[in-house]
Each structure stands twice: as C-alpha cells, then as structure tokens.
Amino acid sequence: YLEYGNCKTLFFKTFKTLFVIGLAPLLVLFFFGEYLFVFVFGPEWKIAGEIAKYFSFLIFFQFISTPLSFTIFLNKSQKKEMILQLFRTIFTILSVVLGHYYNDYMFSIILMVVVYCIYYIFNSLLQYQAAIGK
C-alpha cells in the first residue's frame, strides 16, 4: 500500500480465496444443517440445525470480511466503520425487540442474520474502497 497507493491485487486474491473456502461450509450448513444436527446430536436438536442454517450466511460473510477489515485503517475510514457499527447495533437491538413483540424467536434470528449480512457487505465495500486507494 505504501509503495503503490493501493493493495487491490492482494485484496482481491484474499477475497476470492476466502469466498471459495467459505462457500463449502455455507452450502453444507444451509442444505444439510438440520440433518447433520439430528444425526450428530439427536432429534431434539433439529431446531438448532435450522438456526445454524440461517447463521451459515452470517458466518460466511463474516469469514470473508473480518480478515480484510484492517484495510479500513489504510485510508482512515474508521469514522465510516463506526457509523456502520452503530447501525448494526441499532438494527440488532431492533431485531430482538421485534422478535419479542411478535413472540417469534426465529423471526428475530432471521432479522438479525439479515442485519449482519448487510453490515458485512457494506463493510466489505468500505474495505474495497480502502484497498484500491480511495
């Protein structure tokens, strides 16, 4: 970054590698999570497998975004990151409140997963801007 003013080649290489590595667990948990939990832990764990199915998306996006998060420091985008964190916190709390209001924990979990996925997508876009030197 210091030499060229960007690190986009390394960023894209790392992003692609993390995407490919994270895709297999995402697909396995999403399509077979319930069956795996029942097989490993017993039938009373089926609901945990369903929850894992939804969380597989969150974990996938987190797996890609977190190792690249230090690029945000390269172009001093910490204030933008703080705003993203603030929105994530507010909407996470809102997800729990709405789940409680509707008396539906699964609704709350799905909303929370959506909030986190959106956060990680925007965070990755912020990281990309830093990596290309903007």
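The values are calculated or read from the model by the stated rules, or taken from the named source; none is laboratory data. These numbers were taken from a predicted model, which means no experiment stands behind them. Because the Cβ atoms are built from the backbone with ideal geometry, glycine has one as well, and the counts that use them run over all protein chains shown. Side chains included, ligands, DNA and RNA excluded: accessible areas come from the protein's heavy atoms. Shrake-Rupley method; radii C 1.70, N 1.55, O 1.52, S 1.80 Å.
Laid out as a table, the results:
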| quantity | calculated |
| --- | --- |
| Condition check for F91: in contact with a helix residue (DSSP H, G or I) (Cβ under 6 Å, 6 or more places away or on another chain), under 30 Å from C7 (Cβ atoms) and open to solvent by 30 Å² or more (accessible area, probe 1.4 Å) | no |
| Verdict on L111 being assigned to a helix (DSSP H, G or I), in contact (Cβ under 8 Å) with a residue 12 or more places away in the chain, of a type in the set (A, V, I, L, M, F, W, C) and under 30 Å from T9 (Cβ atoms) | no |
| Residues of the range 47-57 classified as open to solvent by 30 Å² or more (accessible area, probe 1.4 Å) and touching a residue at least 24 places away in the same chain (Cβ under 8 Å), total | 6 |
| Considering residues of the range 13-22 that are in contact (Cβ under 8 Å) with a residue 12 or more places away in the chain and farther than 10 Å from L68 by Cβ only, the residue farthest from the chain's Cα centre (by Cα) | I21 |
| Positions within the range 115-134 being over 15 Å from S65 (Cα atoms) and either among the hydrophobic types (A, V, I, L, M, F, W, C) or assigned to a helix (DSSP H, G or I) (or both), in sequence order | I132 |
| Subset of the range 67-79 (residues that are out of contact with any helix residue (DSSP H, G or I) (no Cβ under 6 Å at 6 or more places or on another chain) and surrounded by 14 or more Cβ atoms within 10 Å (Cβ to Cβ)) | P67, S69 |
| Any hit, the range 116-132, residues being of a type in the set (S, T, Y), touching a Ser or Thr at 6+ places or on another chain (Cβ under 7 Å) and more than 26 Å from A48 (Cβ to Cβ) | yes |
| Single match in F30, F60 (criterion: touching a helix residue (DSSP H, G or I) at 6+ places or on another chain (Cβ under 9 Å), open to solvent by 60 Å² or more (accessible area, probe 1.4 Å) and part of a helix (DSSP H, G or I)) | F30 |
| Only listed residue being open to solvent by less than 70 Å² (accessible area, probe 1.4 Å) and within 28 Å of T17 (Cα to Cα), chosen from L84, L98 | L84 |
| Residue within the range 35-46 that is of a type outside the set (D, E, K, R), touching a residue at least 40 places away in the same chain (Cβ under 8 Å) and in a helix (DSSP H, G or I) present | no |
